[in-house]
Structures are given as structure tokens and as C-alpha cells.
1. Could you tell me how many of the residues in region 319-345 are touching a residue at least 40 places away in the same chain (Cβ under 8 Å) and closer than 23 Å to residue 291 by Cβ?
2. If you go through region 149-162, how many residues are farther than 16 Å from residue 90 by Cβ and part of a loop (DSSP other than H, G, I, E, B)?
3. So for region 124-135 (the condition being over 26 Å from the mean Cα position of the chain (by Cα) and at negative phi), does at least one residue qualify?
4. If you go through region 247-258 one residue at a time, do you hit one that is out of contact with any Asp or Glu (no Cβ under 7 Å at 6 or more places or on another chain) and within 16 Å of the ligand (Cβ to nearest atom)?
5. When region 267-288 is examined, which residues are found to be surrounded by fewer than 19 Cβ atoms within 10 Å (Cβ to Cβ) and modelled with pLDDT of 90 or more?
6. Among the residues of region 246-254, is there at least one that is open to solvent by less than 30 Å² (accessible area, probe 1.4 Å), modelled with pLDDT of 95 or more, of a type in the set (A, V, I, L, M) and closer than 30 Å to residue 142 by Cα?
7. Restricting the search to region 120-148, which residues are in a helix (DSSP H, G or I) and either under 19 Å from residue 55 (Cα atoms) or open to solvent by less than 40 Å² (accessible area, probe 1.4 Å) (or both)?
8. With on the phi < 0 side of the Ramachandran plot, free of Cβ contacts under 8 Å to residues at least 12 places away in the same chain and touching a strand residue (DSSP E or B) at 6+ places or on another chain (Cβ under 8 Å) as the only criterion, which of 241, 316, 308, 246 stands out?
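The values are calculated or read from the model by the stated rules, or taken from the named source; none is laboratory data. Being a predicted model, the structure only gives us computed values, none of them experimental. Every residue, glycine among them, receives a Cβ derived from its backbone with ideal geometry; neighbour counts consider all protein chains shown. Note: accessible area is taken over every heavy atom of the protein model, side chains too, but ligands, DNA and RNA are not part of it. Shrake-Rupley method; radii C 1.70, N 1.55, O 1.52, S 1.80 Å.
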Amino acid sequence: MIKRRKTRKVKIGNVEVGGDAPISVQSMTKTDTKAVDTTLNEIKKLKKAGCEIVRVAVRDKDSIEPLRRIAERSDIPIVADIHFLPRLALDAIDAGSSAIRLNPGNIKRKEDVKAIIKRAKEKKIPIRIGVNSGSLERNSGSTADSMVRSVLDYIKIFEKMSFYDIIISLKSSDVSETVEAYRKMAPLCNYPFHLGITAAGPFLKAAIKSSIGMGTLLQEGIGDTIRVSLTGDSLHEVEIAKEILASLKLRNFGPDIISCPTCGRCEIDLSEIVDNLRERLKEFGLGNKGLPLKIAIMGCVVNGPGEAKDADIGIAGGKGSGVLFRKGKKVKNLKQGEFIDTLIEEIRAHK
Ligand code: SF4
């Protein structure tokens, strides 16, 4: 059992972050925010994939009206991502954002920050203080130290105005630097943390860097909401984030599918079967439900049922056929064409 760091609870729209709230999954749209329908379409797909909070870029004043329309129609809370222009933060709050993200590296004037805090307080929305190592004033000490210092200086302005609906992130593209920054920040405040490795690269690299970085912190109980940042389809960000949380048993998004790596004994196309099952689960809306089920799909009967004896349901392949088993005990023989339908039926029976 992972013991989570104790934090305040903050609400982004209807999603609680911190305290005893489940660690939420975030993503960011990759469309131009001014393209309202395209952006809403991406948000819809992200939500279907399991995204719970979505951030959109607010680049200039022409993005404000589209942001308003997106915030009105989105089914999940919208966080407005603001850089450089304090005016945009005020307008984004007025446009109905459920939260805003400020970067202390590029919105620095105390008077500007105070005006934004005042407006957020009036509208009762939280602010994420999102430090990035790339837009940071370096102090002496490590980059992690500079990130922590930057957040601590910023927080002072918030606390002076009795504003505590704060979420903190300290992201670097370097895994160790990021881990060090969050670890150093953790004992210094009780605000919830948004975790992420920034600019983590394309799919595989981002998945690995995010899993190592966020996984290390989550295992230590640090982290309340997570975003995987990758170059590519935002749906992958959500899929990876969910896998990270599920792997650590911090969330349960659906049946846990375990499958063997296959070897010379395997006489079925296991990879295709697993892919098909994952697709069918999505189709039936079973991929996001908290079903505490372990499903094993193993390449052969030699080791299959034995290796997967912890599984609730499983199939061990043979030549164009397989054996259905429950808790490691054989139930019946199946033809390969019956695998997926049988598994879906079995999963539904557990709903
Ligand atoms: Fe090989 Fe069978 Fe083990 Fe899969 S379950 S890795 S096919 S021995």
C-alpha cells in the first residue's frame, strides 16, 4: 500500500485534486484553441479515453472567446494555460475556465500576480503554479533548487492574500532533476502536486521517462494529478498515464490484462488477440470501469494456466485453439475464433 503525502484538497470544476481524492489523469489539447469544434472533438475523445481534466493553450486575446465556448460545452474541466500576458489570465478566468496555470518564469510582476489571484478568488477557481526548468531564473544551487525557490517565492504572494487553492508542478525534461525538485518541495508545503516530465519526447521515450519519473514519485506517495507529455497523439498521454497509475495499483481503470511474451511454444497470434481484446473492451465501455479483474492471455498450455494462476479468467493458447481457465483451473476448450467473445462474456458476468 502506498501512503500518500497529506495535502489540501482543491477542486478543478467537479474534479477533486489532493487529499484523499483519486490521482486524476490530465492531458492537453494539441489543436489550435481558436478551432472550437476541433478542440471540443479532441476533448471528447480524451474524455472517452479516461482523461479527467484538460488544459488548453490560451495564446492571445483572440483565444478568449473560443475558450469561453469550449469551457461552456466541455464535459470535463478546462484549465487555461497562460504564459507571458497577465491580461490573458484575467480574461481566461472570466471566460469560465475551471482553473488556470501560471508560469512564474514569465508572469513575474507582483502586481500582475496579485490581480490574477484576486480574480481567481472571486471566481473560486484554483491556480496551478507551474514551474518549468526551461523558463526559470537560475539561482545558485541545482536546477531543482531553483525550481523550488521559484515556487516558494511565488507562493508567498498567494498566501499573503490568503489564497490557498494552489496546485504545484515542477517540471524538467530531465527525470532525475524533476524527481529531486518534487522531493525537495514535498515537505515544504501541503499543496497538491501535478506531476509531469516536460517535453518528454515521442511515444516510447515519453512513456519510459514519465513512468520512471512519475512512478518513482508516486511510489513515494508524491503526486495528486498527472500529465504525460509526449510528441504525438494526446490519447497516448492518457493511455500511458492510466497504465502508470494502474501499475502502482493507485487506480483501477478496467480489467488488468496480463499476457506472456510468447516463445517458441506459442502457436497462436497472441499479440493480435490481446490487441483485439483491448479494442473490444473499449468498444463495450469496459476499459474505464473500475473492474478488479485480472485476465491472463497466455501463449501455451504448458505454462499458461500455472503462470497465470492468480488471474480471475484466462486463456492458454494451443494450435488454433485454447483452454479457458478460471483461477488457474481448466473450464473448457475453445476454438481460437471464440477467444474474444468468451472473454468479453466472462468479464461482463463479473460486472
Ligand atoms: Fe512461452 Fe507458453 Fe510461457 Fe508464453 S506461456 S512464454 S508461450 S512457455
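1. Quick first cut of region 319-345, residues touching a residue at least 40 places away in the same chain (Cβ under 8 Å) only: 319-320, 322, 336, 339-340, 343-344.
Adding the requirement that they be closer than 23 Å to residue 291 by Cβ leaves 322, 339-340, 343-344.
Within region 319-345, residues that are touching a residue at least 40 places away in the same chain (Cβ under 8 Å) and closer than 23 Å to residue 291 by Cβ number 5.
2. Matching residues across region 149-162 total 1.
3. Applying the first criterion (over 26 Å from the mean Cα position of the chain (by Cα)) to region 124-135 yields none.
For region 124-135, residues over 26 Å from the mean Cα position of the chain (by Cα) and at negative phi: absent.
4. Step one: of region 247-258, the residues out of contact with any Asp or Glu (no Cβ under 7 Å at 6 or more places or on another chain) are 247-258.
Filter once more, so that each one left must be within 16 Å of the ligand (Cβ to nearest atom): 257-258.
The answer is yes; a qualifying residue exists.
5. 269, 271, 272, 274, 275, 276
6. If we filter region 246-254 for residues that are open to solvent by less than 30 Å² (accessible area, probe 1.4 Å), which is where we start, we get 253-254.
Narrowing further to those that are modelled with pLDDT of 95 or more: none.
Within region 246-254, none of the residues are open to solvent by less than 30 Å² (accessible area, probe 1.4 Å), modelled with pLDDT of 95 or more, of a type in the set (A, V, I, L, M) and closer than 30 Å to residue 142 by Cα.
7. Here is the first cut: in region 120-148, the residues in a helix (DSSP H, G or I) are 120-123, 133-135, 143-148.
Selection gives 120, 123, 133, 135, 143, 144, 146, 147, 148.
8. Checking each option against the conditions leaves just 246.
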